[in-house]
Amino acid sequence: MASSDEELVAKSQGGDLDSFNQLVVRWERPIYALAYRTIGREEDARDVCQETFLRAFRALKGFKGQAKFSSWLYRITLNLCRDWIRRERRQPIAQAPEGVDLIELASEQTPSESIEDLVARKEISQAVARAMAGLPDDQRTAIILKEYHGLTFQEIADMLDCPLSTVKTRLYQGLSVLRRQLDREGVGRNHV
Amino acid sequence: MCEKELLVSYLYDDLRDTDRARFDTHLHDCAECRAELNALRGVRADLISWSPPQPDFGFRMVREPSISNNAREPEISNVVEMTPRSGRPASWRAWWTPAAGLAAAATLVLAAAAGLARIEVHSGADGFTVRTGWSAFAPQSARSFGETGAPAALPGAGGNVAAAPQTAAAPAPDGVAPVGSALGVDPSVIAALDRRLGALEAATREAAPFRNASVSNARPSDAEIIRRVRDMLAQSETKQQGELALRIAQVIRDVDAQRVADLTRIQQGLRGIEASVSTVDAGHRELTNYILTSARQK
């Protein structure tokens, strides 16, 4: 049976490097996904992901377990992403190709999915990426944490140091902007 | 709580039962909120299609055992990134402990400098001698010549000193001119340098007679060699088994992580289907209501 995060953190704090590496394996994909969706660049997201674990390791002694380990990692990641955006002085980039490569798409095709469906899905994905990149940081972060990481409103509020109502407002505003943007691009479901 | 907050809570199914019932009633009466709710559900379903790429990470924390004083205490200065399986972003270099890199670079620079300057360091009975520059070429040439012309003339310190000038002055076998002569170097200089070289070699032999003896007497027997080879093979097998176990553990971890990621995607997909179904359901309900209302009016 796999150890819990708390057990692995305790062992890591005792000097067990292997336990920390198990935490890395467990959380590297969600952390990378968070970084990628926040800043939109594959290579930079990977750097942020590595830096997150390095900082977490450095600060592990100071982690007292008030929050979940994953929430702690998310917070570090978001801080690093914020630094990246500030440093680069630019909006996140929607890293989506302009055209649709059918050969590349064919490799991603599931048996039950027609190529037309697949192309449509890719177009929606690219449109979503562009629309998300255009959102203000706070709205985008709230949507990412809620939609893709399944955090509760309270967890998001704690992580972003803001009231619960603010989280809901940001979500509502962000989703509304996305709805209008996707409608304008004419992709996805009918949001009207 | 304002209506928009209620709407968001309802959208994410994060409401108390009383609040849900109240909002259900509101939705029943408010077509605008109903339409907005369905539209936001559609947006949520579209969001699912945006998935990040799946890079091959392969970086792990590793400890450098030679630096660490306490094996149980992880020190970040001793922790570096392990070999990534693919790609190499620039910042990964920053994970490498700089001390080792600097030491390696310094060694290379010193070696290159020594090679260029032809530095030679000797120790003997008269202390340390350091020779640099092209001056080192002459004794080297003289030594080569001496060994070629009279290899038997260097049995000991006494005979060597006397034999060296003769060796240096003698013609080389096969009619090849002595290197020193060919370069226009005074034979007396070569002789002096060769004498000095002979003295140094003799001093070295006297200083380490036991070491030479031990080397010559330490020829292992065949059985000993076989035993050593077997030991090496056993060590190699043990190491390979350890590496294999590590790889298997890594694969298991990767599969587990992939399984978790797949489950998350499946859950997201189900959520999308649920949203679509509820959208369709709401449409059907509206249509039914419309038909019923029309029928009633007729």
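Points worth noting:
- Put a dot 7 Å past the Cα of B:ALA282, heading toward its Cβ, do the same for B:VAL251, and the two dots end up 4.8 nm apart.
- Across segment B:44-60, the residues whose backbone nitrogen lies under 19 Å from the label position 7 Å along the beta-carbon direction of A:ALA120 are B:44-51.
- Note on A:175-184: average number of Cβ atoms from other chains within 10 Å of each residue's Cβ is 4.
- By average C-beta atoms within 10 angstrom, highest first, the peptides B:186-193, B:22-29, B:43-50: B:43-50, B:186-193, B:22-29
- Other residues whose C-beta falls under 13 angstrom from the C-beta of B:ILE266 contribute a net charge of +1, scoring Lys and Arg +1 and Asp and Glu -1.
- For the residues of A:57-64, the average number of beta carbons from a partner chain within 10 Å of their own beta carbon is 1.
- For peptides B:236-245, A:175-184, sequence by mean Cβ density within 10 Å, most packed first: A:175-184, B:236-245
- Remark: mean inter-chain Cβ contacts per residue of B:51-63 equal 6, using a 10 Å Cβ-Cβ cutoff to other protein chain atoms.
- Residue-count net charge about A:CYS81 - beta-carbon cut-off 12 Å; Lys, Arg +1, Asp, Glu -1: +1
- Each peptide among B:220-231, B:9-20, A:118-129 gets the average number of other Cβ atoms lying within 10 Å of its residues, and from highest to lowest they stand as A:118-129, B:9-20, B:220-231.
Each value in this text was obtained by applying a stated rule to the coordinates, not by laboratory testing. Bear in mind the structure is a predicted one, so any value in this text is a computation, not a measurement. Reconstructed Cβ throughout: ideal geometry from the backbone, glycine too, with neighbour counts over all protein chains shown.
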